[in-house]
Amino acid sequence: MKSFEEWKPFIIMVAINFAFAVVNILLKKVLEEGINHLVLVTYRLSISTMFLAPIGYFLERNSRPKLTLRILCYLFFSAIIGASLTQYFFLLGIQYTSATFACAFINMVPVITFLMALPLGLETVNIKCSSGKAKVLGTVVCVAGASLLTLYRGMPLFNHSQDPAIQLNYAKKTERWTIGSVALVVGTLFWSSWFLLQSTIGKRYPCQYSSTAIMSFFGAIQSAVLSLATSRNFSAWVLKGKIEIITVLFAGMIGSGLCYVGMSWCVKKRGPVLTAAFSPLVQIMTVMFDIPILHEQLHLGSLLGSIVVIIGLYVLLWGKNKEMKICVTKLAQEAEGIKEQESQLQVIAVPCDSRCHSGQAA
């Protein structure tokens, strides 16, 4: 029983990454069938809102602080940066490239977030320490891998030439690969910015379920307004077939609901570093579905770039983990020093008080 509790976070993270891989494949499938990007984002965020709102209401009703206008403004901009626009650009990138290629950019989010946090003072780097050197090295390696991903495709690793339809589809994707890469870069920048904004929101409104439900609600409204402003084709809002309905429900409830709850639990139990270390697993699982089911082509540049990005990510996470351990050790030493000082003061104070009392008695 004890061993199961120790392995429970690992099992949950594997299940979460498996769910994310399925979500990416389903999204790729319905996008190829012609579903509108903003309509898909609107439905997904709406279902996420309906799923998380009751959880946040009942679990956080006694600890939820007052929802001020300032916090609502933060959540509104959080929805723009982290929900509506981020999901739109990632969906555009998935459609024009592949689910596997898009997952490689998701692996870059911790590194881009780290680079953005440096000038804001939210992250520091001490080059003299091994942890600081690892953070810098991991960042450089990850950026190099991203450059390789974007600028070099290389030879195809699988032969799909026997199917004329697949070959024609591949020729069309080659023309739009650059647009998809740019969309993924923009989506990565937006998502990384959202993490920085979320650190501020977490301090002012530390209710993860309620804040996510409100953010999803704002994001659904923003996506709907943007969709109606760019296209008046109301038939696009009608889901066609079982695959689109299943995708919207699964992406909303599982991808944006249960997976978020599971990740929050794993962060609480094992910390953010271990949770982030599982992110490359999404890409590996996506490849297992992407090539045999969707007949996506894997290129040498994508493979090499993904490997370099994953190596850089783990080097950065190693440095961050070591830095956190050093900080915890220093805090523990400081706490012990304060306790020792307090105990010495108490020892000194007792004879002083006894002398004062004896003098008064005399």
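The values are calculated or read from the model by the stated rules, or taken from the named source; none is laboratory data. Quick caveat, the model's predicted, so the values are computed rather than measured. Please note: Cβ atoms are built from the backbone with ideal geometry, for glycine as well, and neighbour counts cover all protein chains shown.
Once the stretch 221-267 is narrowed to residues that are in a loop (DSSP other than H, G, I, E, B) and among the basic types (K, R), the residue that is farthest from L40 (Cα to Cα) is R232. Each residue in the stretch 267-319 was checked for being at pLDDT below 75, of a type in the set (A, V, I, L, M) and more than 15 Å from A99 (Cα to Cα), and 5 of them qualify. Evaluated against (1) touching a residue at least 12 places away in the same chain (Cβ under 8 Å); (2) more than 27 Å from I243 (Cβ to Cβ); (3) charged (D, E, K, R), E6 falls short on exactly one condition, (1). Determine whether V111 is within 30 Å of M285 (Cα to Cα) and under 19 Å from the mean Cα position of the chain (by Cα). So V111 passes the test. When the stretch 147-173 is filtered for residues that are surrounded by 12 or more Cβ atoms within 10 Å (Cβ to Cβ) and at pLDDT 60 or above, the ones remaining, listed by number, are S147, L148, L149, T150, Y152, R153, G154, P156, L157, F158. Of the residues in the stretch 59-82, how many are in contact (Cβ under 8 Å) with a residue 12 or more places away in the chain and surrounded by 11 or more Cβ atoms within 10 Å (Cβ to Cβ)? Residues that pass the stated criteria total 16.
Of the residues in the stretch 297-309, at least one is over 22 Å from N17 (Cβ atoms) and outside any helix (DSSP H, G or I). Please work out if A144 is out of contact with any Lys or Arg (no Cβ under 9 Å at 6 or more places or on another chain), touching a residue at least 12 places away in the same chain (Cβ under 8 Å) and surrounded by fewer than 16 Cβ atoms within 10 Å (Cβ to Cβ). For A144, the condition - out of contact with any Lys or Arg (no Cβ under 9 Å at 6 or more places or on another chain), touching a residue at least 12 places away in the same chain (Cβ under 8 Å) and surrounded by fewer than 16 Cβ atoms within 10 Å (Cβ to Cβ) - is met. For the stretch 174-214, the set of residues classified as modelled with pLDDT of 90 or more, crowded, with 23+ Cβ neighbours inside 10 Å and under 26 Å from A104 (Cβ atoms) consists of A183, L184, G187, listed by residue number.
Taking the criterion of being under 23 Å from L26 (Cβ atoms) and either free of Cβ contacts under 8 Å to residues at least 40 places away in the same chain or among the β-branched types (V, I, T) (or both), the only residue of the stretch 197-232 that qualifies is T212. For F20, state whether it is modelled with pLDDT under 85 and either under 30 Å from H299 (Cα atoms) or not hydroxyl-bearing (S, T, Y) (or both). Yes: the conditions hold for F20.
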